[in-house]
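> The following block contains the structure, expressed as structure tokens.
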Amino acid sequence: MGRGYGFRLFVHEGEGESVLVAQFHHAVADGTGARMFVEDILGFYEHLEQGRSTEPKVRPLDPSKLADR
């Protein structure tokens, strides 16, 4: 990781659709953390698409769960 990136996002835009690609180095996020990140991004997107003016809710961090992973 000394010469590269631990986390990258790419957006591929096409006609009528866009694709978001998330790339994680294993030292940055495990499978569970990466899945939770993508779920949060999709939740934020849905929040914006529905035109809500309030801040989207973010899951609280539970440090006790980190020790189990």
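> Could you tell me the calculated FRET efficiency between Gln50 and Leu9, based on Cβ-Cβ distance and R0 = 22 angstrom, to the nearest 0.05?
For Gln50 and Leu9, the calculated efficiency is 0.45.
> Which value in deg cm²/dmol, rounded to the nearest 500, describes the helix-derived mean residue ellipticity at 222 nm for the chain, given -39,500 (n - 2.57) per DSSP H run of n ≥ 4 and division by the residue count? The partial results should precede the final answer.
Details: 2 runs with 24 residues, N = 69.
It lands at -11000 deg cm²/dmol.
> Now, a different point. Between Gln23 and Ala67, what is 0.36 nm times their sequence separation minus the Cα-Cα distance? Round to one decimal in nm.
Values: separation 44, 0.36 × 44 = 15.84 nm, distance 2.34 nm.
Extra length from Gln23 to Ala67 when fully extended: 13.5 nm.
> Now a separate question. With the other protein chains left in place, how much accessible area per residue, in square angstrom, belongs to the chain at a 1.4 angstrom probe?
90
> Report in % the part of the accessible area of the chain that belongs to carbon and sulfur, leaving out ligands and nucleic acids; probe 1.4 Å.
55
The values are calculated or read from the model by the stated rules, or taken from the named source; none is laboratory data. Owing to the predicted nature of the structure, the values given are computational and were not obtained by experimental measurement. Glycine gets a Cβ as well: all are built from the backbone with ideal geometry, and neighbour counts include every protein chain shown. Quick note on the areas: whole protein, heavy atoms, side chains included, nothing else; ligands and nucleic acids left out. Shrake-Rupley method; radii C 1.70, N 1.55, O 1.52, S 1.80 Å.
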